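First comes the structure, then the notes that go with it.
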């Protein structure tokens, strides 16, 4: 089964890049500089920030639907992000080597099911989820912290 994994639109976050600390604080946003060993997964580039890179930690509504499953949570975005990543038929780095929860949604945004991918078996979970014709799209979340990672669509 083919699939595509998409990051969040860079255009949504670009106005925040480079704001001073006071302007960020007024919006409830924290700037953080990635340190060696940190995992700061950017939801635009779908890669972990490298040590020394500046990321913004902010709340974002990633599932803006008119159902009880509307959801927002804390995410990182890398201030050096230039373009939204779309990975066709392959997993980007943020979906590898960490436990991922995959949530399956209908076209109207109703949760149909969820499954954990704990052993780098995200692709298997994607295939199993899309085997259900009612599933319109998937959201991947970091299993431990629950934060949104990426959207997955049929290819």
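Structure values in brief
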item: Selected residue (criterion: surrounded by the most Cβ atoms within 10 Å (Cβ to Cβ)) from residues of the range 40-53 that are within 17 Å of residue 73 (Cα to Cα) and in contact (Cβ under 8 Å) with a residue 40 or more places away in the chain; result: 42
item: Top-ranked residue in the range 1-16 [being surrounded by fewer than 19 Cβ atoms within 10 Å (Cβ to Cβ) and touching a helix residue (DSSP H, G or I) at 6+ places or on another chain (Cβ under 8 Å); ranked as nearest to residue 151 (Cα to Cα)]; result: 1
item: Residue check for residue 119: out of contact with any strand residue (DSSP E or B) (no Cβ under 9 Å at 6 or more places or on another chain) and at pLDDT below 95; result: yes
item: Residue check for residue 34: loosely packed, with under 13 Cβ neighbours inside 10 Å and farther than 23 Å from residue 154 by Cβ; result: no
item: Residues (free of Cβ contacts under 8 Å to residues at least 24 places away in the same chain and either in contact with a helix residue (DSSP H, G or I) (Cβ under 9 Å, 6 or more places away or on another chain) or assigned to a loop (DSSP other than H, G, I, E, B) (or both)) located in the range 26-39; result: 34, 35, 36, 37, 38
item: Filtered residues of the range 59-83 (kept if touching a helix residue (DSSP H, G or I) at 6+ places or on another chain (Cβ under 7 Å) and surrounded by 17 or more Cβ atoms within 10 Å (Cβ to Cβ)); result: 77, 81
item: The range 122-155: number of residues that are over 17 Å from the mean Cα position of the chain (by Cα) and at pLDDT below 95; result: 1
item: For residue 23: the one exception among (1) assigned to a strand (DSSP E or B); (2) more than 22 Å from residue 86 (Cα to Cα); (3) touching a helix residue (DSSP H, G or I) at 6+ places or on another chain (Cβ under 9 Å); result: (1)
item: Candidates 95, 56, 91, 138 - the one that is under 24 Å from residue 29 (Cα atoms), touching a helix residue (DSSP H, G or I) at 6+ places or on another chain (Cβ under 7 Å) and surrounded by 14 or more Cβ atoms within 10 Å (Cβ to Cβ); result: 56
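The values are calculated or read from the model by the stated rules, or taken from the named source; none is laboratory data. Owing to the predicted nature of the structure, the values given are computational and were not obtained by experimental measurement. Note that each Cβ is placed from the backbone with ideal geometry, even for glycine, and that neighbours are counted across all protein chains shown.
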